[in-house]
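Take a look at the structure below.
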């Protein structure tokens, strides 16, 4: 019998192991939220997917912290849309695309930057735009605002 199959069985996970896993998931959520903040400042790095991933990790690892995150005025609405509709609003999607495009245009037109850096920015913006465009948009009907 393979010894590795016993490692992942729920019966073999102790309370200490669960604490370590919860701590690791909380740390990873923190990293995701830091990347989301960086995504506001760095063109091509989308914020919304990192916010959603951070929230997902906190959901089971640290529910009180996840509830605090949902009450945050900047990202609470995005999380509420995702939770209710498994999608983001059209406004959030276009705002994210606009911010990424404006920041990238500013960096690409900055003459003091090297051409290699400009190419890297264009590639990063393209990848970020693909991620943003792939996020589903919630449909509005007369009962949803």
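The values are calculated or read from the model by the stated rules, or taken from the named source; none is laboratory data. Just so it is clear, the model here is predicted, and its values are computed rather than measured. Here Cβ is always computed from backbone atoms with ideal geometry, including for glycine, and neighbour counts include all displayed protein chains.
Here are a few things to note about the model shown:
- Scan of region 71-82 for residues that are outside any loop (DSSP other than H, G, I, E, B) and modelled with pLDDT under 90, ordered by number: 76, 77, 78, 79, 80, 81, 82
- So residue 107, is it closer than 29 Å to residue 21 by Cα and surrounded by 13 or more Cβ atoms within 10 Å (Cβ to Cβ): no
- Picking from residues in region 74-93 that are more than 16 Å from the chain's Cα centre (by Cα) and surrounded by fewer than 15 Cβ atoms within 10 Å (Cβ to Cβ), the one that is nearest to residue 134 (Cα to Cα) is 90.
- Some residue of region 108-125 being part of a helix (DSSP H, G or I), touching a residue at least 40 places away in the same chain (Cβ under 8 Å) and more than 17 Å from the chain's Cα centre (by Cα): yes
- Looking only at region 20-65, and only at residues there that are outside any helix (DSSP H, G or I) and touching a residue at least 60 places away in the same chain (Cβ under 8 Å), the one that is surrounded by the fewest Cβ atoms within 10 Å (Cβ to Cβ): 42
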